[in-house]
Amino acid sequence: MKIDDIINLYGRFSKRERIIIISGSCLIIIFLLYEFLINPVLGYFYGLDKKIASIERSIRELESIRLEYLHLKALIDDIEKRVNGSRHASILSQLEEASTRARVREYLVYAKPSIMQTIGEYREVTLESRWESLNISQITKLLYEIEHSPVYMRIKRLNMKSRFDDPRYMDVFMVISAFEPALEK
């Protein structure tokens, strides 16, 4: 069939048949446009929206990881500064200073340095100490002063026993460790 034959065939249809053919052709064209042009473009944009949301989630996660990293780095820098500051101060003198700041030095019964062990580039020095007749407020102040000492010290073990003669007071046994740079070989 040639185009002239199609035009002649179209001319023989009645007005109502022409409207139906034109309407059907328009619907088919609209369907084909939607199926092969509009729908793929909308799908592409929908995929881009999903990628954008995924990337935004990744950015938020990276930001939270960055903040956590900065927080941990600040903690490590503070600890290293405190450890490196302990080159010239013994753990015993630092404990005495902390107990003086907490106003409990007179309750210190004994403080005995213990085993030193090297961990990587640092040496851990431990100290056993015992206080008698401390109330809970004094213990709290002492623990705070030890933890916030200019030299990095940490409490490895803490035992508290109520006194038999006055239960408001306690005897405290504590193992404290401090780190200092290991000596160069």
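Tell me which residues, restricted to the range 43-98, are in a helix (DSSP H, G or I), among the polar types (S, T, N, Q) and without any contact (Cβ under 8 Å) to a residue 40 or more places away in the chain.
Within the range 43-98, Ser54, Ser58, Ser64, Ser93 qualify.
With respect to Ser114, is the statement that it is surrounded by 16 or more Cβ atoms within 10 Å (Cβ to Cβ), of a type in the set (S, T, N, Q) and at pLDDT below 90 true?
No: the conditions fail for Ser114.
Mind checking whether some residue in the range 169-178 is part of a strand (DSSP E or B), farther than 30 Å from Glu80 by Cα, touching a residue at least 40 places away in the same chain (Cβ under 8 Å) and more than 28 Å from the chain's Cα centre (by Cα)?
Yes, because at least one residue in the range 169-178 is part of a strand (DSSP E or B), farther than 30 Å from Glu80 by Cα, touching a residue at least 40 places away in the same chain (Cβ under 8 Å) and more than 28 Å from the chain's Cα centre (by Cα).
Identify all residues within the range 74-94 that are closer than 13 Å to Tyr152 by Cβ and either buried (at least 18 other Cβ atoms within 10 Å of the Cβ) or touching a strand residue (DSSP E or B) at 6+ places or on another chain (Cβ under 7 Å) (or both); write none if there are none.
Within the range 74-94, Val83, Asn84, Ser86, Arg87, Ile91, Gln94 meet the criteria.
Restricting to the range 150-168, count the residues that are under 25 Å from the mean Cα position of the chain (by Cα) and either crowded, with 16+ Cβ neighbours inside 10 Å or farther than 20 Å from Ala98 by Cα (or both).
So the answer is 2.
Test each condition in (1) closer than 30 Å to Asp166 by Cβ; (2) in a helix (DSSP H, G or I); (3) not aromatic (Phe, Trp, Tyr) for Glu35 and report the one that comes out false.
All conditions are met except number (1).
Restricting the first residue to the range 133-149 and requiring it to be closer than 11 Å to Ser99 by Cβ, which pairs with a second residue that is part of a strand (DSSP E or B) and at pLDDT 90 or above meet a Cβ separation below 6 Å and a spacing of at least six or different chains?
Hits for this filter: Leu134/Met170; Leu134/Val172.
Does Lys81 qualify as being of a type in the set (Lys, Arg) and either closer than 30 Å to Leu127 by Cα or over 33 Å from the mean Cα position of the chain (by Cα) (or both)?
yes
Restricting the search to the range 117-146, which residues are closer than 19 Å to Phe179 by Cβ and exposed (fewer than 13 other Cβ atoms within 10 Å of the Cβ)?
Correct list: Gln117, Thr118, Ile119, Gly120, Glu121.
The values are calculated or read from the model by the stated rules, or taken from the named source; none is laboratory data. Being a predicted model, the structure only gives us computed values, none of them experimental. Heads up, the Cβs are rebuilt from the backbone with ideal geometry, glycines too, and the neighbour counts pull from every protein chain shown.
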